[in-house]
Amino acid sequence: MPRTRTIPDAQVFAVIQRLLEQGGEKAVSFGSVAKATGLAPPTLVQRYGSVEGMIRAARHAAWDALEHRTVQAIATTADKGPQGLLKAIGPFDARSIATDMRHPDLAQRANGWRMGVEKALAMRLGAGVKARESAALLFAAWQGQGLWGTAGESAFRLKDAVKRLT
């Protein structure tokens, strides 16, 4: 009979995500996660098999959370414009998304999420090819803003982009 987990995966994944944000994949090891969580390294090995497996499990959990947040945002902002939707989805870690693109299973999740957000944006922008193209441009601008926003203040506003695209 397996022992109950004293520290749930969600708590371990939060630590891994913080380590990834602070120092990238090199900052994540069984030792660093063990130190931060109080779990023994062999326990982490038993749970996740490898450091890569541990990171992938944490990233899949992050995608689960982002996808859930996105579905909720789409549902609760049906009467709002594109900026309302993007604001409701909230912040995301663009650097992690870029890193995930190196792994086929995570890249597939990222692409599916992108397509879902673009579809929801297009529905708010109208119908047809122009709406789909505008949604793709707006999504790209939003992602770029998320990535480069950490570098400092930008004069670019999504609200202005929506006006230009519609």
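For this structure, a couple of remarks:
- Selection status of GLN11, touching a residue at least 24 places away in the same chain (Cβ under 8 Å), open to solvent by 70 Å² or more (accessible area, probe 1.4 Å) and of a type outside the set (Phe, Trp, Tyr): yes
- Wholly within segment 16-123, helices (runs of 4 or more DSSP H) carrying at least 1 residues that are closer than 24 Å to LYS163 by Cβ and in contact with a Gly (Cβ under 9 Å, 6 or more places away or on another chain): 51-76, 94-100
- For segment 40-89, the set of residues classified as touching a helix residue (DSSP H, G or I) at 6+ places or on another chain (Cβ under 6 Å) and among the hydroxyl-bearing types (Ser, Thr, Tyr) consists of TYR48, THR70, THR77, listed by residue number.
- Residue match in segment 51-60 (condition: surrounded by 14 or more Cβ atoms within 10 Å (Cβ to Cβ), touching a residue at least 60 places away in the same chain (Cβ under 8 Å) and either of a type outside the set (Gly, Ala, Ser) or in contact with an Asp or Glu (Cβ under 6 Å, 6 or more places away or on another chain) (or both)): no
- Cβ-Cβ distances below 6 Å connect no pair with a first residue in segment 62-81 that is at positive phi and without any contact (Cβ under 8 Å) to a residue 60 or more places away in the chain, a second residue that is open to solvent by 70 Å² or more (accessible area, probe 1.4 Å) and in a loop (DSSP other than H, G, I, E, B), and a separation of six or more residues or different chains.
- Answer residue from segment 1-36, given it is hydroxyl-bearing (Ser, Thr, Tyr) and at pLDDT below 95 and is nearest to ILE97 (Cα to Cα) among those: THR6
- Listed by first and then second residue, the pairs linking a residue in segment 125-143 that is free of Cβ contacts under 8 Å to residues at least 60 places away in the same chain and more than 16 Å from ASN111 (Cβ to Cβ) to a residue that is among the acidic types (Asp, Glu) and buried (at least 17 other Cβ atoms within 10 Å of the Cβ), with Cβ atoms under 9 Å apart and 6 or more places separating them unless they lie on different chains, are LEU138/GLU118.
- Of the residues making up segment 96-137, those that are among the charged types (D, E, K, R) and within 21 Å of GLY53 (Cβ to Cβ) are ASP100, ARG102, ASP105, ARG109.
- Residue check, GLN143 among the polar types (S, T, N, Q) and either at pLDDT below 90 or part of a loop (DSSP other than H, G, I, E, B) (or both): yes
- Residue check, LYS130 surrounded by 12 or more Cβ atoms within 10 Å (Cβ to Cβ), at pLDDT 90 or above and not in a helix (DSSP H, G or I): no
- Per-region count, segment 79-113, residues of a type in the set (D, E, K, R) and closer than 16 Å to ALA58 by Cα: 6
- Any hit, segment 89-97, residues being under 24 Å from ALA14 (Cβ atoms) and β-branched (Val, Ile, Thr): yes
The values are calculated or read from the model by the stated rules, or taken from the named source; none is laboratory data. The shown structure was predicted, so the numbers you read here are calculated from the model rather than taken from an experiment. Virtual Cβ from ideal backbone geometry, glycine too; neighbours counted across all protein chains shown. SASA here: full protein model, heavy atoms, side chains in, ligands and nucleic acids out. Shrake-Rupley method; radii C 1.70, N 1.55, O 1.52, S 1.80 Å.
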